1. For the pair residue 149 and residue 104, how long in nm is the line joining their label points, each one 7 Å along Cα→Cβ?
2. Can you tell me the FRET efficiency between residue 118 and residue 3 if r is taken as the Cβ-Cβ distance and R0 is 41 Å, rounded to the nearest 0.05?
3. For 81, 87, 135, which order do you get if you count the other beta carbons within 10 Å of each Cβ and list the fewest first?
4. Over the range 24-151, what is the percentage of antiparallel beta bridges among all DSSP beta bridges, to the nearest 5?
5. Which log10 I(q)/I(0) values does the range 58-120 give at q = 0.15, 0.22 Å⁻¹ under the Debye formula, counting every alpha carbon as one identical point scatterer?
6. Sort 61, 97 by Cβ crowding within 10 Å, fewest neighbours at the top.
7. Roughly how tilted is helix 124-137, in degrees to the nearest 10 and between 0 and 90, from the longest Cα axis of the chain?
8. Report the full-extension gain for the segment residue 19 to residue 111: residue separation times 0.36 nm, less the Cα-Cα distance, to one decimal in nm.
């Protein structure tokens, strides 16, 4: 297992939709170990495979002392009328937090390393994490979800950091 370097905005892997995992082999098992170790740190809620440079559909989470992972996650349910609009940040966009509208409840379905179906669901922070990480796997960043005026402000702040 290894703590992996986090890719940051500007790296093309973050904007490329990830490939489905079709075979659970030693490479995928090693990826899951790295995801779990890399997310197991203070201030980290979730981590997608492409954030550590691997373009496969997998992510890990670390929410309220629960650490886990899911392969090939698909969002199957979002609360249709209940939203949250709290500040959101991202390890790949360090130091910037902006209000991001997300569903209050989310549920994803995927598989584990044994190929068994798993369902992961939650409200509030867990729901935000699930939506955020699936976005990563689709090549999106939370910045893409910001209202236009807020996104403009975020992009200016990013340029100033460079």
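A short reminder: the numbers here are calculations on the coordinates, not readings from a lab. Only a predicted model underlies this, so the values are computations on that prediction, with no experimental measurement involved. Every residue, glycine among them, receives a Cβ derived from its backbone with ideal geometry; neighbour counts consider all protein chains shown.
1. Reported label-point gap for residue 149 and residue 104 is 2.5 nm.
2. On the way: r = 24 Å, r/R0 = 0.60.
Between residue 118 and residue 3 the formula returns 0.95.
3. Exposure proxy ranking, most exposed first: 81, 87, 135.
4. That works out to approximately 100 percent antiparallel.
5. -0.61, -1.09
6. Fewest-to-most ranking of 61, 97: 97, 61.
7. Helix 124-137 sits at roughly 80 degrees to that axis.
8. Gain in length upon complete extension: 31.7 nm.
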